[in-house]
Amino acid sequence: MDKVYVEKRDEGYWVKGTRISLDSIVYAFRRGASPESIKRSFPLLTLEEVYGAITFYLAHEQEIDAYLRQSEIELEAQADARRAETRSANSELFERLEEARKERETVK
């Protein structure tokens, strides 16, 4: 009997029946965290679910790595857009900050 530990929903991967993303498990695993350590970080998961998520990742590594890269690209683009919007909405503040930075560099 095969158990399913990961499901794809809302354009992402999740530990089945939870709001815990596969991303968070994978990033911890890549950092070298043990399954037991990952379980301590996510007390709602069982150790079996953590191992199941890691197994799913290892079985679909290329697909999940591509998904994670794309997610990182999209997040960076969103952050860039927010920074540009903030800079535009507060242009006087950013001009003063830039002038202060230049003054500080001149003093050094």
(Q) Restricting to DSSP loop positions (anything but H, G, I, E, B) with no more than 13 other Cβ atoms inside 10 Å of their own Cβ, which trypsin sites (Lys or Arg not before Pro) remain in region 12-71? (A) Arg19, Arg31
Q: Can you tell me the dipole magnitude for the chain around its Cα centre, using point charges on the Cβ only (Lys, Arg +1; Asp, Glu -1), in Debye to the nearest 20?
A: 400 debye
Q: Highest first, please rank the peptides 76-88, 42-54 by the mean number of other Cβ atoms sitting within 10 Å of their residues.
A: 42-54, 76-88
Q) Can you work out the base-10 log of I(q)/I(0) for region 1-56 at q = 0.21 1/Å, using the Debye formula on its C-alpha atoms alone? A) -0.70
Q: Just rank Asp10, Asp23, Asp65, Asp2, fewest to most, by other beta-carbon atoms within 10 angstrom.
A: Asp2, Asp10, Asp65, Asp23
Q. So what is the orientation-averaged projected area of region 6-107, using the convex hull of its C-alpha atoms, in nm²?
A. 9.9 nm²
Q: Find out how many positive minus negative residues lie around Val50, taking Lys and Arg as positive, Asp and Glu as negative, among other residues whose Cβ is under 15 Å from that of Val50.
A: +2
Q | Charge context of Trp14, other residues only, Cβ under 14 angstrom, K/R +1, D/E -1 | A | -1
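Rule-based calculations on the coordinates, nothing more; no lab input. Just so it is clear, the structure is predicted and the values come from calculations on it, not from any experiment. Every residue, glycine among them, receives a Cβ derived from its backbone with ideal geometry; neighbour counts consider all protein chains shown.
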